[in-house]
Amino acid sequence: MPALTLTIDGRLVSSRAGETLLQVIRGNGIDLPTLCYLEGLSPRGGCRLCMVEVAGREKPQAACVTPAEEGMVVTTGSERLQRYRRQIVELLLAERNHTCSVCVVNGQCELQSLAARFGIDHVRYAYLSPRLPLDASHQRFGMDPGRCVLCARCVRTCDEVEGAHTLDLRGRGVRSCISIDLNEPWGRSETCTTCGKCVQSCPTGALFEKWTARGEKVRAPELIPRILAWRETHER
Amino acid sequence: MNASDLEKLALHEAGRERRYCLRISICMGSPCMAAGAAAVKTAIEELIDRHGAAADIRVVGTGCVGPCSRGPILLVVTRDGTEYRYERVTPPAAAALVDRFLNGDVAPTERLLPADLPFFTGQTRLVLANCGYTDPERIEDYIARGGYQSLSRAIHHLSPEAVCEEVTRSGLRGRGGAGYPTGVKWELVRKASGSRKYVVANGDEGDPGAYMDRTIMEADPHRVLEGMALAGFAVGAEQGYIYVRGEYPLAAARLRQAIQTAERLQLLGGRILESRVNFRIDLRMGAGAFVCGEETALLASVMGRRGHPVTRPPYPAQRGLRGCPTLINNVETFATIPTIIRYGWEEFASVGGPGNSGTKVFAICGDLVNAGLVEVPLGTTLRQIVEEIGGGVTGGAFKAAQTGGPSGGCIPAGHLDTPMDYEQLKALGSIMGSGGLIVMNDQRCMVDVARFFIGFCQDESCGKCVPCRAGTVQMGLLLDRICSGLASACDLEQLEELCHLLQETSLCGLGSAAPNPVLSTLRHFRDEYEAHVMDHCCPAAVCNMAATEAACQP
């Protein structure tokens, strides 16, 4: 496979053709923040946290959907990018009802970690506090749209890994919501296989196993790439 | 049908047209229909039946004549070719009018629009040439005026390369808004590797106040189809899709009917005009999402997926519909193509200015005497459009004009002499856009205008990327605060910060252009924002400041 040479944050690095910028950057030990990206799933480019500056391009590019090219000069942590990332996390915190102190995933939440990482101790934007009903109709799992960041990791996991496509998005803009089948209660879904992979891929506490209390959700998003790798070795 | 049959049909139809001693056109575009054009047409037909003159007089329901605010419009063409346009026609008035013409009296002057009205004389109609003359539901009318001749010529006498070359040299730029050179795009798709390619027409026009594409599809559907077929021939595609906004049922019905009749005459479908060229066109209806006007979202929607944009590159020209190279152009762009192929690129390039050749259709509305649809050469100044063609501003002095809808910006009075072309508009912080032009008088509050457009973007954001989904909502809330007089200087700062975030980090054009109305009003009317924030008053007295007074009560 042909090798490419890029400059990332002033360092010359090499990569294989076909890799995305995010893969190259992470492969070189730089911890670029992401939220909607999950290894193994198709990249979505929706959270805009992995934005990087590429010399010669007018606007920052989302690293997860930008293919690495020969001779690219990439900056991952400029002051401007840090400011944008902080703003995006603040917008997410204000969008739904993120109350960490009572959340099942408190302490393990990706959104919470990002907020801590960027030193967000207060949110400058108005809280929208939408009233979103919780779906507890499934025997094992629950869904609280109030904690959802609309990253669609669960949607892609259900479609690409499990192949059930029970989950999808409905609505538009800020009124978007994760929908089960054609907006059915989860417990009545005929397509859901109760595999629970969506719960594992969820970065926040929006999807959770029932009977878990504050801070008790055990997250294992690395399960998804592990399943895919396992499949690949066994299919050969 | 072959090429000579087509010419024979054209001659036959033109001959038939000449035999009529009177042609009466009633504008059957959506605005005139809403004003009661259908009843007018029935009244005229009944009258002619009573006179038993149906053989000598042709009554035709046509596409948009132009001055929509004065509808229904009646156009009478006498045998010597003199045209009389009547405005605001009611069924009894129409019957009385036609009766006078039938009796051979001098043309009535009541409701008559003067022939030298700048609204008509100031225009150059290339794309809208057939509007007001042909019946959109009769393919013979289009053929009689030279329709499908360009396609016939291209298929039989030109190579695909030559067609691309012609379009490139004409200097035509995409009429959907961004102004990308059309020929370059065609060449990219033509050279792209792949056995299957597609042509897609974007008719998902959604800007508030803009209806150019709707009018073109309603008034002259065959022109769009011919343009698409030419594109299919030039890039090597055998399948086309025309994506029509869900709110345009009349346009969809006429296009569907046009596709059927064209296929019956072998002008579309398999073996066009007995050649080896095949090109089918299918209609796709949108479901009411503004974002589907963005090309990648549109392609997703055509494929039956959720209308979400994806990051470019790869561009549709490389990988579009079903992973194949796809040419996607606006409806108006396609409608321009037959003219270019028919008259040659020199003729087309002689209209407009260098780098901005040809004409552009604008939907002019707002505080104007003559609101409606106009087609002018690119580079016409805003002053000409507003003061001459539009007949001047009503209800006060000119304050600003919004171009490009919610993705564009405003042009203040000081820049009235700006030529309307892609570069000049961009330099002013606005865009050409698809051609919506909203004129505002000095009774309008620019902060309120910005708030309206942000509200629109907020409703129409698809929700895929965070900056656009949550950012537009926060911008809306900040503008609400400013408009109610409760905002502080800090809020204004935050608003600007959000504008930059959206511009730089949004996934698609909808999000990155959403702050344009705010940024351009901030640039040209910053004093108004400051009056709202510092003095808690609205200079135009539009915004309700009651909340401020309540807050100040002890």
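Each reported figure results from applying straightforward, stated rules to the coordinates on display, with no laboratory input. The structure displayed is predicted, hence computed values, not measured ones. Positions of Cβ are backbone-derived with ideal geometry, glycine not excepted, and every protein chain shown enters the neighbour counts.
Key figures for this structure:
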{"item": "Shape category assigned to segment B:402-554 from the gyration tensor of Cα positions, a/c cut at 1.5", "result": "oblate"}
{"item": "Charge dipole (debye, nearest 20) of chain B; +1 at Cβ of Lys and Arg, -1 at Cβ of Asp and Glu", "result": "1780"}
{"item": "Net charge of Cβ neighbours under 13 Å - reference A:Gly77; Lys, Arg +1; Asp, Glu -1", "result": "+2"}
{"item": "Per-residue [θ]222 nm for the protein assembly as shown (sum of -39500 (n - 2.57) over DSSP H runs n ≥ 4, rounded to 500)", "result": "-11000 deg cm²/dmol"}
{"item": "On Cα atoms only, tilt of A:223-235 relative to the major axis of chain A in degrees", "result": "80"}
{"item": "Within the protein assembly as shown, percent of DSSP bridges classed antiparallel, to nearest 5", "result": "65"}
{"item": "Residue exposure sequence - B:Ile482, B:Ile431 - by fewest surrounding Cβ within 10 Å", "result": "B:Ile431, B:Ile482"}
{"item": "Gaussian network model of chain A, Cα within-10 Å springs - most flexible of A:His138, A:His122, A:His165", "result": "A:His122"}
{"item": "Dipole-positive endmost among A:Val89, A:Phe141, A:Thr157 within segment A:84-235 (Cβ charges, Cα centre)", "result": "A:Val89"}
{"item": "Relative contact order of chain B, defined on C-alpha pairs under 8 angstrom at six or more residues apart (%)", "result": "13"}
{"item": "Stokes-Einstein D for chain B, Kirkwood Rh over Cα pairs, 37 °C, 0.692 mPa s (µm²/s)", "result": "133"}
{"item": "Peptides B:466-472, B:454-460, A:139-145 ordered by average Cβ neighbours within 10 Å, highest first", "result": "B:466-472, B:454-460, A:139-145"}
{"item": "Exercise: per-residue mean of other protein chain Cβ atoms within 10 Å, A:85-91", "result": "5"}
{"item": "Segment B:341-443 - share of DSSP beta bridges that are antiparallel (%, nearest 5)", "result": "85"}
{"item": "Mean separation of Cα contacts under 8 Å (6+ apart) over length of segment A:3-77, as relative contact order %", "result": "41"}
{"item": "Sequence of B:Met228, B:Met303, B:Met440, B:Met33 once ranked by neighbouring C-beta atoms within 10 Å, starting from the fewest", "result": "B:Met303, B:Met33, B:Met440, B:Met228"}
{"item": "Principal-axis tilt of helix A:79-95 within chain A, Cα atoms, nearest 10 degrees", "result": "10"}
{"item": "Length-normalised contact order for segment B:406-498 - Cα pairs under 8 Å, 6+ apart - percent", "result": "21"}
{"item": "Three-way shape call for the protein assembly as shown based on the alpha-carbon gyration tensor, with the a/c threshold at 1.5", "result": "prolate"}
{"item": "Cβ neighbours within 10 Å from other chains - mean over B:454-466", "result": "5"}
{"item": "Global form of segment A:9-63, assessed from the alpha-carbon gyration tensor, a/c cut-off 1.5", "result": "oblate"}
{"item": "DSSP-defined beta bridges in chain B - what % are antiparallel, rounded to 5", "result": "55"}
{"item": "DSSP H segments from chain B that extend 20 Å or more along their own axis, Cα-based, with Kyte-Doolittle mean of 0.5 or above", "result": "B:221-235, B:446-460, B:466-483"}
{"item": "Cα pair distances in segment A:84-235, grouped into 10 Å bins until the bin that holds the longest one, percent each", "result": "11, 40, 35, 13, 1, 0"}
{"item": "GNM top mover of A:Thr204, A:Thr99, A:Thr75 - chain A, alpha-carbon springs below 10 Å", "result": "A:Thr99"}
{"item": "Chain A: most fluctuating residue of A:Glu162, A:Glu90, A:Glu190 per GNM, C-alpha cutoff 10 Å", "result": "A:Glu190"}
{"item": "Exercise: per-residue mean of other protein chain Cβ atoms within 10 Å, B:500-508", "result": "5"}
